[in-house]
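The values are calculated or read from the model by the stated rules, or taken from the named source; none is laboratory data. Given the structure is predicted, the values throughout are model-derived calculations rather than measurements. Cβ placement follows ideal geometry from the backbone for every residue including glycine, while neighbour counts extend to all protein chains displayed.
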Amino acid sequence: MYEIISRVGGFYPNTKNRIYYFNCEFTHFAATFHTTPIAPLIKMQTYTGLSTVALPAKQESSLFSKVGAQTTVAKATPTKAVTSAKLKVAINGFGRIGRNWVRCHHGRADSNLELVAINDSGGVKQASHLLKYDSMLGTFDADITVIDDETIGIDGHAVKVVSNRNPLELPWKELGVDIVIESTGVFIDPEGAGKHITAGAKRVVITAPGKGDVPTFVVGVNADQLKGDEPVVSNASCTTNCLAPFAKVLDEKFGIIHGVMTTTHSYTGDQRVLDNGHRDLRRARAAALNIVPTSTGAAKAVALVLPNLKGKLNGIALRVPTPNVSVVDLVCQVEKKGVTAEDINAAFKESSEGAQKGVLGFTMLPLVSSDFKCSDVSTTIDGQLTMVMGEDMVKVVAWYDNEWGYTQRVVDLTDLVASHL
């Protein structure tokens with residue numbers, strides 16, 4: 001008996017001599033995985049589209065067996081910056097992005113980052129439990145232990161846990177912290193994030209749109225412009241990370257005149273489980289029972305990483321009753337006349353296999369949101385939904401895992417910042 005549980009390209013630790021059959025749109029191949037950290041592929045060929053993995057029924061799958069790159073090439077990942085020595089990282093705010101960061105980083109054997117501290121109000125018991133057990137990601141395939149009242153262990157590696165709401169009082173200097181992952185959503189301006197620098201850290205990466213004069217970088221779009229001397233940088237939002245890579249392709253190939261975006265976005269922790277008070281009266285309504293229209297600055301924020309698009313894009317969000325994975329729908333007018341859907345898709349496919357490999361994905365398969373859970377890429381173009389009306393009106397639809405895919409880019413940006421230290 002076999003059941004389909006995963007997409008191509010994950011890690012299968014403690015797996016011995018099992019055969020996995022991959023069925024792709026254009027190619028079929030078999031692979032044997034062994035007990036190496038990254039499973040080698042036998043008789044593997046380049047393919048277009050997604051594939052599935054057959055495992056013995058009732059076999060519990062690890063988190064990493066679900067991590068598949070939604071790209072046109074097998075296990076494509078962006079080029080990582082390389083540093084010569086391990087640099088110490090602290091996470092401020094151990095919520096969805098903070099915990100995803102630990103899992104994403106855990107899957108990278110080549111990383112030169114070492115997690116040494118977590119600041120979270122819940123303490124060691126909550127931090128360890130929510131890291132190990134996750135309703136969306138499943139059970140973390142790592143040994144998570146409570147060492148003492150101020151320390152948790154991740155596969156035997158000790159990580160200090162502190163609980164202090166004032167960044168100025170955090171022990172970054174004492175711990176020798178190089179980079180702080182600022183994921184509270186609170187300290188997002190130069191003054192607030194700068195408190196980590198005052199406390200002893202060298203750099204800060206904000207996992208949200210920054211406020212004020214905070215340099216913003218999106219991997220695959222403008223991250224090559226990072227100078228390395230910026231004390232605080234922003235990784236933008238998950239939706240900007242979805243939109244910006246393919247907007248870059250559209251603008252460079254066809255010229256964007258103006259456009260309007262809608263993101264159909266899974267609900268987030270900023271919404272209410274039941275009707276209750278909120279500064280946004282729509283978000284005050286029950287998240288699991290409603291389609292909730294709300295604002296998003298993602299479209300306008302694209303101009304922070306693509307200045308040529310300043311004033312050309314706008315949009316809204318529709319929060320829907322799904323826990324994860326979202327989809328952007330962009331309609332825009334382009335300068336190039338007589339363009340076809342085939343032209344648009346060809347440009348995306350080329351970029352997904354070249355300059356934006358591992359960041360931009362492309363598929364012609366008839367997929368739905370759950371197929372993009374734990375997608376490593378920032379955005380995956382749904383080629384079946386690309387449309388052109390008249391001479392110059394283009395519609396593009398792109399999927400993204402608003403937690404996992406976004407956090408992969410946070411790790412990438414952290415690596416890049418580290419390479420300059």
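Per the listing 388, 394, the residue uniquely closer than 13 Å to residue 340 by Cα, assigned to a strand (DSSP E or B) and in contact with an Asp or Glu (Cβ under 9 Å, 6 or more places away or on another chain) is 388.
When each of 228, 200, 185 is tested for being assigned to a loop (DSSP other than H, G, I, E, B), in contact (Cβ under 8 Å) with a residue 24 or more places away in the chain and either within 19 Å of the chain's Cα centre (by Cα) or within 21 Å of residue 101 (Cα to Cα) (or both), the lone residue that passes is 185. The single condition among (1) modelled with pLDDT of 95 or more; (2) part of a helix (DSSP H, G or I); (3) not hydrophobic (A, V, I, L, M, F, W, C) that residue 319 does not meet is (2).
Residues that are polar (S, T, N, Q) and either exposed (fewer than 15 other Cβ atoms within 10 Å of the Cβ) or over 25 Å from residue 342 (Cα atoms) (or both) within the range 251-304 comprise 266, 268, 271, 276, 290, 294, 295, 296, listed in sequence order. Scanning the range 109-145 for residues that are over 20 Å from residue 410 (Cα atoms) and in a strand (DSSP E or B) yields a count of 5.
Filtering 292, 302 for residues that are closer than 30 Å to residue 417 by Cα and touching a Leu at 6+ places or on another chain (Cβ under 9 Å) leaves a single hit, 302. Of all residues in the range 287-320, those that are in contact (Cβ under 8 Å) with a residue 40 or more places away in the chain and within 20 Å of the chain's Cα centre (by Cα) total 13.
Check the range 235-251 and report whether any residue there is touching an Asp or Glu at 6+ places or on another chain (Cβ under 6 Å) and either in contact (Cβ under 8 Å) with a residue 40 or more places away in the chain or in a strand (DSSP E or B) (or both). Within the range 235-251, not a single residue is touching an Asp or Glu at 6+ places or on another chain (Cβ under 6 Å) and either in contact (Cβ under 8 Å) with a residue 40 or more places away in the chain or in a strand (DSSP E or B) (or both). If a residue must be surrounded by fewer than 23 Cβ atoms within 10 Å (Cβ to Cβ) and farther than 26 Å from residue 280 by Cβ, how many such residues does the range 313-357 contain? So the count comes out to 20. The residues of the range 327-354 that are in contact (Cβ under 8 Å) with a residue 40 or more places away in the chain and in a loop (DSSP other than H, G, I, E, B), listed by number, are 335, 336, 337, 338, 339, 340. For residue 284, are the conditions met, namely being among the aliphatic types (A, V, I, L, M), part of a loop (DSSP other than H, G, I, E, B), over 18 Å from residue 237 (Cβ atoms) and touching an Asp or Glu at 6+ places or on another chain (Cβ under 9 Å)? Here the answer is yes, as residue 284 does meet what is asked. Checking 324, 402 one by one, the residue that is part of a loop (DSSP other than H, G, I, E, B) and in contact with an Asp or Glu (Cβ under 6 Å, 6 or more places away or on another chain) is 324 and no other.
Each row is one residue, and each column tells you yes or no for (1) within 25 Å of the chain's Cα centre (by Cα); (2) surrounded by 15 or more Cβ atoms within 10 Å (Cβ to Cβ).
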{"residue": "146", "(1), (2)": "no, yes"}
{"residue": "151", "(1), (2)": "no, yes"}
{"residue": "159", "(1), (2)": "yes, yes"}
{"residue": "164", "(1), (2)": "no, no"}
{"residue": "173", "(1), (2)": "no, no"}
{"residue": "179", "(1), (2)": "yes, yes"}
{"residue": "190", "(1), (2)": "yes, yes"}
{"residue": "193", "(1), (2)": "yes, yes"}
{"residue": "207", "(1), (2)": "yes, yes"}
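Considering only residues in the range 97-119 that are surrounded by fewer than 22 Cβ atoms within 10 Å (Cβ to Cβ) and touching a Gly at 6+ places or on another chain (Cβ under 9 Å), the one that is modelled with the lowest pLDDT turns out to be 107. With respect to the conditions (1) of a type in the set (A, V, I, L, M); (2) farther than 18 Å from residue 237 by Cα; (3) touching a Ser or Thr at 6+ places or on another chain (Cβ under 9 Å), residue 327 lacks only one, and its number is (2).
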